[in-house]
Amino acid sequence: MKQLGFNRRHCSACDPQKGYLHGTTSLTQAAAGSSRRNERKRHAFARATINSDEQHPVLTAPLRDAHRTLRTHSWPQKSSLFLFRTDGMSCSRELVTGTGTFRFSHPSTQQHLLVWRDRPKVVMVIKKLGSELLPEFLEVVEYLLEAEQMHVVVEPAMYEEAAAAGLCMERLFTFTPEECGRLADHIDFVVCLGGDGVILHASSLFRQHIPPVVSFHLGSMGFLTNHPYPDFKQELRQVIYGCQKLATCSIDSQDMGPSGNSLGVMITLRMRLHCAIVRAGQTQPEQVYEVLNEIVLDRGSNSFLTNIEAYIQGRFITRVQADGIMLATPTGSTAYSVAAGG
């Protein structure tokens, strides 16, 4: 299975398309009064204090049961997109609808251009653990909410941080662990802030189909995070509106949606391994994982070497006697080589 990730490609014609809604959402101040204040305190969302010189309410003490999740609110359906593949001479095109998924059964060495048929509407923003990157996280979330008017999904802990920082909560959402399986049905792309570990965490949140990922280098190694954070606004505009075309591929404007754009962004496809654990005497897998880096089988607490038999599509390949065995994707094996100085 392939994961979509964005290549860093700069181009001069990457200005946002005209006609999209920009700016802030107007707010109406409620009349003061003790009865109305008590009613607002009982409201399930949060209590807001509004100053006359501020555009947005400052949200204080957000309630845990007031989080805006898939269960409590209706999220927009993910946007449709075209995926162009070319070898420099020929071109093929695949349409991925908002309710569909795209899978590759074998490695692909062609160039790939992602073109949004409809403008993306929902983005997830993830940062590495801790408070170190909180200012950068809030800056990116605020830009996507206000400048790009997108629905932004964050993890529960970061949702409370955004509320405490006074961000506009109208289009800010979070999710529960039970809702992870539905995230891929709504999220158009993922923004990662940090190092390679944040991308691995993003991959774990999407158990079957992962949206395109754009990652900004704010960690140590940065093998997968090749976008510089100071240019995050330009990079995100290129992802949302597109910035280039392929000479061998063309698209008819009639094929585009009302908010689409014929420009696209180059992407890199990364393989994920499908791992199913089936215990002795069982016919159904006990656990299922989609893995971006590697799968490791080891002897655990056993003091002896293990005999591991490897099969491909039911055909016996080899038998290994060792402490364990590691099956790595091209992403995982290259990362280990780079970390070791290779």
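In cubic angstrom, how much convex hull volume per residue do the alpha carbon atoms of segment 165-210 span?
Details: hull volume 5.0 nm³, N = 46.
Hull volume over Cα atoms, normalised by residue count, gives 108 Å³.
Please report the antiparallel percentage of the DSSP beta bridges confined to segment 84-237, to the nearest 5. Let's see the in-between values first.
Numbers: 6 of 23 bridges.
Once the DSSP bridges in segment 84-237 are tallied, antiparallel ones form about 25 percent.
If I stretch the segment between Ser301 and Ala322 completely, what's the gain in nm (0.36 nm per residue apart, minus their alpha carbon distance), one decimal?
On the way: separation 21, 0.36 × 21 = 7.56 nm, distance 1.38 nm.
Going from the current span to full extension adds 6.2 nm.
Among 205-212, 304-311, 175-182, how do they line up by average Cβ neighbours within 10 Å per residue, starting with the highest? Please report the intermediate quantities before stating the final value.
On the way: 205-212: 18.8, 304-311: 11.2, 175-182: 13.2.
Top of the packing list down: 205-212, 175-182, 304-311.
For the pair Thr248 and Thr97, how long in nm is the line joining their label points, each one 7 Å along Cα→Cβ?
Distance between the two pseudo-spin positions: 2.9 nm.
If the reach is capped at under 12 angstrom between alpha carbons, list the aspartates and glutamates near Lys78, excluding any in the same chain fewer than eight residues apart.
By straight Cα distance, Lys78 reaches Asp118, Asp185, Asp188.
So, counting K/R as plus one and D/E as minus one, what does the shell of residues with Cβ under 11 Å around Leu138 add up to? List each step's numbers first, then the result.
Values: positive: Lys127; negative: Glu136, Glu139, Glu142, Glu161.
Once positives and negatives cancel, what remains is -3.
Would you work out what percent of the accessible area of segment 253-342, with all protein chains in place, is carbon or sulfur (probe 1.4 Å)? Write down the numbers at each step before the final one.
Values: 3120 of 6060 Å².
Accessible surface attributable to carbon and sulfur in segment 253-342 totals 52 percent.
Near Lys127, which aspartates and glutamates are there with a Cα under 15 Å away, not counting those fewer than 8 places off in the same chain?
Counting by Cα, and skipping residues close in sequence, Lys127 has these aspartates and glutamates nearby: Glu136, Glu139, Glu142, Glu155, Glu160, Glu161, Asp196.
Tally Lys and Arg at +1 and Asp and Glu at -1 over the other residues with C-beta under 11 Å from the C-beta of Met326: what net charge comes out? Don't skip to the answer; put the middle values down first.
Values: positive: none; negative: Glu294, Asp298, Asp323.
Value of the local net charge: -3.
Taking the solvent-accessible surface of protein heavy atoms with a 1.4 Å probe, what is the per residue accessible area of segment 209-277 in Å²?
Values: 2870 Å² over 69 residues.
Here the per-residue accessible area is 42 Å².
The values are calculated or read from the model by the stated rules, or taken from the named source; none is laboratory data. Small disclaimer: the values here were computed from a predicted structure and weren't measured. FYI the Cβ positions are ideal-geometry reconstructions off the backbone, even for glycines, and counts take in every protein chain you see. Only protein heavy atoms, including side chains, enter the accessible area calculation; ligands, DNA and RNA are left aside. Shrake-Rupley method; radii C 1.70, N 1.55, O 1.52, S 1.80 Å.
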